[in-house]
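Visitor: Sharing a structure, written as structure tokens. Questions coming.
The values are calculated or read from the model by the stated rules, or taken from the named source; none is laboratory data. Keep in mind the model is a prediction, meaning the values are calculated, not measured. Every residue, glycine as well, gets a Cβ built from its backbone with ideal geometry; the counts of neighbours run over all protein chains shown. All accessible areas refer to the heavy atoms of the entire protein, side chains included, with ligands and DNA or RNA removed. Shrake-Rupley method; radii C 1.70, N 1.55, O 1.52, S 1.80 Å.
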Amino acid sequence: FFFKQKTAYEIVDCDWSSDVCSSDLRVVRAHLREVTPAIKAGKLAKARKSFEEFADNWDSIEDLIKQRSGEAYVAIEKGMIDIENALMPEKPDFDKVNTLVADVMTQYNAQLAEVVKEAAARAKAQN
């Protein structure tokens with residue numbers, strides 16, 4: 001199926017407590033979540049492609065992360081550079097790649113958890 005990828009301009013006005021924002025964050029995260037299983041399966045090309053898709057889609061939500069937490073934004077950006085560099089060699093250090101992906105995922109998931117928590121609190125307050 002086809003869907004229109006939202007641009008940063010379309011989602012940057014998100015109030016961070018809506019389901020749309022958490023959905024956007026989950027869609028982007030899905031690509032990063034594919035890297036570790038691909039590495040474990042010995043599918044380096046798939047791992048690289050999945051990371052590339054995450055990096056390409058990061059642009060659509062990075063301003064939202066930056067607004068929420070400059071510290072998390074910097075950690076994710078640095079982690080992305082480290083992952084990209086770790087995936088470059090013909091035979092990457094898979095343990096290193098997995099550790100770097102886990103570190104970025106931790107930062108990313110913390111931001112997503114806060115968005116979901118705020119959305120739940122907002123929904124409860126409206127009822």
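Visitor: Any idea of Leu32's accessible area? Nearest 10 Å², probe 1.4 Å.
Guide: Near enough 0 Å² of accessible area.
Visitor: Output the pairs from Lys66/Lys91; Lys40/Lys91; Lys49/Lys96; Lys49/Lys78 with a Cα-Cα distance over 25 Å in this structure; if there are none, say none.
Guide: Numbers: Lys66/Lys91 33 Å; Lys40/Lys91 13 Å; Lys49/Lys96 18 Å; Lys49/Lys78 19 Å.
In this structure, Lys66/Lys91 exceed 25 Å between Cα atoms.
Visitor: Under 12 Å from the Cβ of Arg33, count the other residues' Cβ atoms, weight Lys and Arg +1, Asp and Glu -1, and hand me the total.
Guide: For residues surrounding Arg33, the net value is 0.
Visitor: So how much slack lies between Ser69 and Phe94, counting 0.36 nm per residue of separation and subtracting their Cα-Cα distance, in nm?
Guide: On the way: separation 25, 0.36 × 25 = 9.00 nm, distance 2.91 nm.
Additional length available on full extension: 6.1 nm.
Visitor: Order Asp59, Asp24, Asp95, Asp82, most accessible first, counting only protein heavy atoms with a 1.4 angstrom probe.
Guide: Numbers: Asp59 90, Asp24 20, Asp95 115, Asp82 50 Å².
These residues rank, largest area first, as Asp95, Asp59, Asp82, Asp24.
Visitor: Right, another one. So which GluC sites (Glu not before Pro) in region 40-127 end up in coil per DSSP with only 14 or fewer other C-beta atoms within 10 Å? Numbers along the way, then the final one.
Guide: On the way: sites: Glu52, Glu53, Glu62, Glu71, Glu77, Glu84, Glu90, Glu114, Glu118; in loops: Glu90.
Filter output for region 40-127: Glu90.
Visitor: Also: Please give the net charge around Val74, taking every other residue with its beta carbon less than 13 angstrom from that of Val74, where Lys and Arg add +1 and Asp and Glu add -1.
Guide: Values: positive: Lys66, Arg68, Lys78; negative: Glu62, Glu71, Glu77, Asp82, Asp103.
Charge balance in the 13 Å sphere: -2.
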